[in-house]
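Data block below; observations after.
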Amino acid sequence: MDAATVAIYEDNALEWVARRGEATNGLGASFRDRVGRGLIADLGCGPGRYLSEIGRPVVGIDATSAMLTLAGAKGHPLVRGDLEALPMGDGVLAGALACHSYLHLPKARMGAALGEAFRVLRPGGRLLITLIEGSYEGHERPGDDFSGRFFACWGASELGALLSSRGFSEIRSGRVELPRVGVDLVTNARR
C-alpha cells in the first residue's frame with residue numbers, strides 16, 4: 001500500500017470506524033464455515049470488523065498501527081504487515097480473507113501480492129477477496145469519503161485470470177450491490 005493511503009488510515013482510524021461500524025453481513029462466518037478448522041488470516045483487517053465473525057483461530061494483519069490498535073480490543077492475535085510481503089511462513093494458513101484490502105494495490109503489483117497469498121496458504125487453502133468492480137485506478141476515486149486513498153478496481157474475468165496465473169483454482173466471482181461502493185466483486189479461490 002502506498003504511503004499516502006497508509007497515512008489516511010493512520011490519521012482517520014476513529015472516523016473510519018465511526019462511519020463503517022462492525023461487519024454485519026456474515027461474510028466472515030460463512031468463510032469460516034467454508035474453510036473449517038485451521039488458522040485464517042484477515043488480510044488488511046483494519047479495526048478488526050471481521051475477526052469475531054471469523055472466529056478462532058484467526059490472526060489480523062494490517063499495514064496501519066492505528067487500525068491494529070483499534071483491532072486489539074477484539075482479543076485476537078494481530079501483526080503489522082504488508083500484503084506484498086506477508087509476515088508468515090509457507091503453507092501455514094487454512095484460509096485468507098481480504099475485504100477491500102487488495103484494492104489499495106496498483107494492478108501492476110497485484111500479481112506478486114496474490115503470489116504471497118498463495119505462498120502462505122496450505123494446499124487446498126481458501127482465499128476470499130473483495131474488490132470494487134470497475135476499471136478505475138488512482139488516488140481520487142469519485143465518491144470516496146476519505147479522499148486521496150489509492151484504489152484499483154477490477155473486472156471478474158481480469159481478476160480470475162490473474163488468480164489463475166498465480167496457481168489458484170476453483171475461482172468463482174459474484175457481484176454484490178453496495179450503496180456507498182457500487183458493485184463489489186466477491187471472489188473465492190482455492191490454492
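The values are calculated or read from the model by the stated rules, or taken from the named source; none is laboratory data. Since the structure is predicted, the reported quantities are computational estimates derived from the model, not experimental observations. Quick reminder, even Gly has a Cβ in these numbers, built from the backbone with ideal geometry, and neighbours come from all protein chains shown.
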*Residue pairs meeting the criteria (Cβ under 7 Å; at least 6 apart or on separate chains; first within 15 Å of GLY81 (Cβ to Cβ) and touching a residue at least 12 places away in the same chain (Cβ under 8 Å), in segment 108-122; second of a type outside the set (A, V, I, L, M) and in a helix (DSSP H, G or I))*: ALA113/TYR102
*Just one of LEU39, LEU78 is farther than 30 Å from TYR136 by Cα, in contact (Cβ under 8 Å) with a residue 24 or more places away in the chain and out of contact with any helix residue (DSSP H, G or I) (no Cβ under 8 Å at 6 or more places or on another chain); which is it?*
LEU39
*Assess whether GLY81 counts as being on the phi > 0 side of the Ramachandran plot, touching an Asp or Glu at 6+ places or on another chain (Cβ under 9 Å) and modelled with pLDDT of 95 or more.*
no
*May I ask you to say which residue of LEU114, LEU163, LEU103 is assigned to a helix (DSSP H, G or I), under 15 Å from LEU43 (Cα atoms) and touching a helix residue (DSSP H, G or I) at 6+ places or on another chain (Cβ under 7 Å)?*
LEU114
*Could you list all residues from segment 66-75 that are small (Gly, Ala, Ser), under 12 Å from GLY44 (Cα atoms) and either surrounded by fewer than 19 Cβ atoms within 10 Å (Cβ to Cβ) or free of Cβ contacts under 8 Å to residues at least 24 places away in the same chain (or both)?*
none
*Give the number of residues within segment 143-191 that are without any contact (Cβ under 8 Å) to a residue 40 or more places away in the chain, buried (at least 17 other Cβ atoms within 10 Å of the Cβ) and small (Gly, Ala, Ser).*
3
*Condition test on ALA13, is it crowded, with 17+ Cβ neighbours inside 10 Å, within 23 Å of VAL186 (Cβ to Cβ) and not β-branched (Val, Ile, Thr)?*
no
